[in-house]
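What follows draws every value from the coordinates through simple rules; no lab data is involved. If you're wondering where the values come from, they're calculated on a predicted model, not measured in any experiment. Every residue, glycine among them, receives a Cβ derived from its backbone with ideal geometry; neighbour counts consider all protein chains shown.
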Amino acid sequence: MASVVTVSTKPYEGQKPGTSGLRKKVKVFLQENYTENFIQSILDANKDSIVGSTLVVGGDGRYLVKEVVDKIIKIAAGNGVAKLLVGQNGILSTPAVSHLIRKYKTLGGIVLTASHNPGGINNDFGIKFNCSNGGPAPDNTTNEIYKLSTAISEYKIVPDIQCSVEKIGVQKFKVGDRDFVVEVIDSVKDYVDYMKEIFDFPKIKSLLQGGEKNKPFNVLIDSMNGVTGPYVKAIFIDELGASEENVRRIVPLEDFGGAHPDPNLTYAADLVNAVKNGDYDFGAAFDGDGDRNMIIGRDAFFVTPSDSLAVLANHLQHIPYFQKTGVKGFARSMPTAAAVDRVAAAAGKEMFQVPTGWKYFGNLMDAGRLSLCGEESFGTGSDHVREKDGLWAALAWLSVLAATQLSVQEILSQHWKQFGRNYFTRYDYEECPSDPCNEMMQELEKKMGSSGFVGSSHSSGGKTYVVAVADNFSYIDPVDQSVAMKQGLRIVFEDGSRIVLRLSGTGSSGATVRLYIDSYEASDVLGSAQEKLAPLIDVALQISQLQKYTGRDQPTVIT
Ligand code: G1P
Ligand code: ZN
């Protein structure tokens, strides 16, 4: 029998969860009691229901996941948790955690990931709490966790529990007079079974093997050494009959092999080049924890996430899951271009615009008002879980391609012809000094609120834009009326073109500035986004004086 030890501790500053959990450098988490404090604060935020509860635990395989899984086991035991469902070797993708919480109706789960941020001893780690609906904890819960972390004086742990998570199976412990159970589960099985229910696997398999056209449809799937590797193997190789040549980087590595596991044109350039130079019809990449996706077609034709969302919205009827559930509403985050809004309008569906971060979609899904949603940041997903889901997005695309027998590019051309095109680009200025960036945002907000700003004209490249609306986006949740303020500075011009500026809430150090630009064209749909948007980008740089404040004349990443 093991017993609970109460350890006294002192609060650390800055344990405030950001857009998606607490993310810091590994070395920050390695400070004495830093990680223990935060885990205890998560459990305390659930104190009314923690005793006797079940939690799911897993992470993206990055450096420190195994050590922190061990700490969670010991601290959960110390706080009266009855059972943990832990992914084998601590491995679970973020969407898989969401699914497990829902399937086994647990109190919630703890996800160990810093998502797309690099891993390894010198890079990032993260801890996130998901609630019983499977989704990231809403603001009131994360605020409570933070508040508890600022006043913590002790944590409860059972140091004597020795629990290996290498083998699948049930391990039982006695803690005082309580039973404590750790069930190590297959990391991929439940999730893969679920995907087989949602999609028509035989149809996708037939597409990959040539199907009606009798010419194999060649895919290249890149896990970027992140957590999706084993899921990709199970789904694409074992279930869909793809070969080793159709997948890359499918072994999760603690440092992602040095890669920055963020599926965009910059960090997934390897995949883009491989598809460009090879005989591939479709390419997809996923981030470290498996919730983001990038989709490209033959010759590396790039699908912006905003367009990807709109295309899927327009074709959901091809997916068995939606044939069963019907299609409810659609939603996007505010900075995401409004392509999906046009599909919603045409289909007569409800359309929601929420702040940045997946947690804002959960209530709408729980209320049965939302089927499909997405963010411009390579996040796409549906109400099958309460996280965005990279592999789901790739399978959704393959379902559409199988049903329509069109190429990725043909689907987009057709879509733009029908709905017009929302040209979109995002500039990221990563890890800038914080103070000047905060000042830039304050000054810009002041300028936007000054008299005469609405109605003012701004010109570049022979184009003139007149400001119609200027605000700091705020959101009232239509389900529980909770309010999220100051979610991004937004300047909308008379022709509907838009500039959005916000600071990232997921970085682990410094400030990352995100500049989002979009503009709608009804018929001029085949141009290059960078060319089309160049005047607006210039106007954004003028108004914000971004280059002066950040000291950068080029962004780190352009999408
Ligand atoms: C970023 C993305 C946001 C996404 C989040 C988690 O947050 O912009 O859309 O939900 O990562 O993947 P940010 O760093 O901008 O706060
Ligand atoms: Zn992620």
Problem - Quotient of C-alpha Rg and 2.2 N^0.38 Å, computed over the stretch 455-550 - result: 1.23
Problem - Highest average packing first - 12-23, 266-277, Cβ atoms within 10 Å - result: 12-23, 266-277
Problem - Calculated [θ] (222 nm, deg cm²/dmol) that DSSP helices of n ≥ 4 give over the chain, each run adding -39,500 (n - 2.57) - result: -9000 deg cm²/dmol
Problem - Lys, Arg +1 and Asp, Glu -1 on Cβ, resulting dipole of the stretch 391-475 about Cα centre, debye, nearest 20 - result: 580
Handout entry: Compactness relative to 2.2 N^0.38 Å, alpha carbon Rg of the stretch 88-240
Key = 1.32
Problem - Cα-based Rg / Dmax (Å) for the stretch 220-270 - result: 10.8, 31
Practice task
Taking the chain as the reference, fit the longest principal axis to its C-alpha atoms, fit the long axis of helix 94-103 to the helix C-alpha atoms, and give the angle between the two in degrees, 0 to 90, nearest 10.
Solution key: 60
Handout entry: Rg followed by Dmax, in Å, when the stretch 165-312 is reduced to its Cα trace
Key = 18.2, 65
Problem - Positive-end extreme of charge dipole, the stretch 470-547 - chosen from SER528, GLN481, LEU503 (charges on Cβ) - result: LEU503
Practice task
Quantify how much of the Cα-Cα distance distribution of the stretch 14-94 extends past 15 Å, in percent.
Solution key: 59
Completion exercise
When all Cα-Cα pair distances of the stretch 374-415 are considered, the percent exceeding 16 Å is 44
Practice task
Using only Cα positions of the stretch 181-242, each an equal point scatterer, no hydration layer, compute I(q)/I(0) via Debye at q = 0.14, 0.17, 0.20, 0.29 Å⁻¹ and quote the log10 values to two decimals.
Solution key: -0.47, -0.65, -0.83, -1.24
Handout entry: Burial ordering of PHE29, PHE38, fewest other beta-carbon atoms within 10 Å first
Key = PHE29, PHE38
Completion exercise
The size of the Cβ-based charge dipole (Lys, Arg +1; Asp, Glu -1) of the stretch 489-542 about the Cα centre, to the nearest 20 debye, is 400
Handout entry: Amide H within-cut-off set for VAL247, under 5 Å, with H built and near neighbours excluded
Key = ILE221
Handout entry: the stretch 111-186: GluC sites (Glu not before Pro) in DSSP loop, at most 14 other beta carbons within 10 Å
Key = GLU166
Problem - Ellipsoid semi-axes in whole angstrom, largest first, where each is sqrt(5λ) of the Cα gyration tensor of the stretch 60-99 - result: 19, 14, 7
Handout entry: Pairwise FRET efficiency - LYS446 versus LEU406, Cβ, R0 = 60 Å, nearest 0.05
Key = 0.75
Handout entry: Cα-only Debye scattering, the stretch 292-443: base-10 log of I(q)/I(0) at q = 0.12 Å⁻¹
Key = -0.51
Handout entry: Cleavage-rule hits (trypsin sites (Lys or Arg not before Pro)) in the stretch 24-67: DSSP loop, at most 12 neighbouring Cβ within 10 angstrom
Key = LYS47
Problem - Percent antiparallel among DSSP beta bridges (both partners in the chain, rounded to 5) - result: 70
Handout entry: Rounded to whole Å, sorted largest first: equivalent-ellipsoid semi-axes of the stretch 1-141, Cα gyration tensor
Key = 20, 19, 15
Problem - Cα-based helix-to-principal-axis angle, 34-45 vs the chain, degrees rounded to 10 - result: 90
Completion exercise
Output for the stretch 418-513: trypsin sites (Lys or Arg not before Pro) sitting in coil per DSSP, at most 15 other Cβ within 10 Å, listed by number, reads LYS486
Practice task
Could you please rank SER49, SER93, placing first whichever residue has the fewest other Cβ atoms within 10 Å of its Cβ?
Solution key: SER49, SER93
Exercise for the section: Sort 137-143, 112-118 for me by packing, meaning the mean count of neighbouring Cβ atoms within 10 Å per residue, highest on top. Expected result: 112-118, 137-143
Handout entry: Cα-Cα separations in the chain greater than 42 Å, expressed as whole percent
Key = 19
Handout entry: Hydrodynamic radius of the stretch 430-488 per Kirkwood, over alpha carbon pairs, in Å
Key = 14.1
Fill in the blank from the handout: If N is the residue count of the stretch 285-342, its Cα Rg over 2.2 N^0.38 Å rounds to 1.26
Practice task
On a 0 to 90° scale, report how tilted helix 434-449 is relative to the longest principal axis of the chain, with both axes built from alpha carbons and the result rounded to the nearest 10.
Solution key: 50
Exercise for the section: Evaluate the charge dipole of the stretch 143-247 about its Cα centre and quote only its size in Debye, nearest 20, assuming +1 on the Cβ of each Lys and Arg and -1 on the Cβ of each Asp and Glu. Expected result: 80
Exercise for the section: Enumerate the whole-percent occupancy of each 5 Å bin, from 0 to the last occupied one, for all C-alpha pair distances of the stretch 252-293. Expected result: 6, 23, 28, 24, 15, 5, 0
Handout entry: Which of TYR360, TYR429, TYR104 has the fewest Cβ neighbours within 10 Å, and the rest in rising order
Key = TYR104, TYR429, TYR360
Exercise for the section: Work out Dmax and Rg for the stretch 151-198 from the C-alpha atoms and quote the Rg first, both in angstrom. Expected result: 16.2, 47
Practice task
Quote the FRET efficiency, to the nearest 0.05, computed for LYS196 versus GLU531 with a Förster distance R0 of 30 Å and r equal to the Cβ-Cβ distance.
Solution key: 0.10
Practice task
Mind putting together the pair-distance distribution for the stretch 245-372? All Cα pairs, 10 Å bins, whole percent per bin, short to long.
Solution key: 11, 35, 32, 20, 2
Completion exercise
Beyond 19 Å (Cα-Cα) in this structure, taken from LYS74/LYS172; LYS463/LYS532; LYS71/LYS156; LYS128/LYS174; LYS24/LYS128; LYS25/LYS128, we find LYS128/LYS174
Problem - Packing rank of 336-343, 189-196, where each peptide gets the mean count of other beta carbons within 10 Å, highest leading - result: 336-343, 189-196
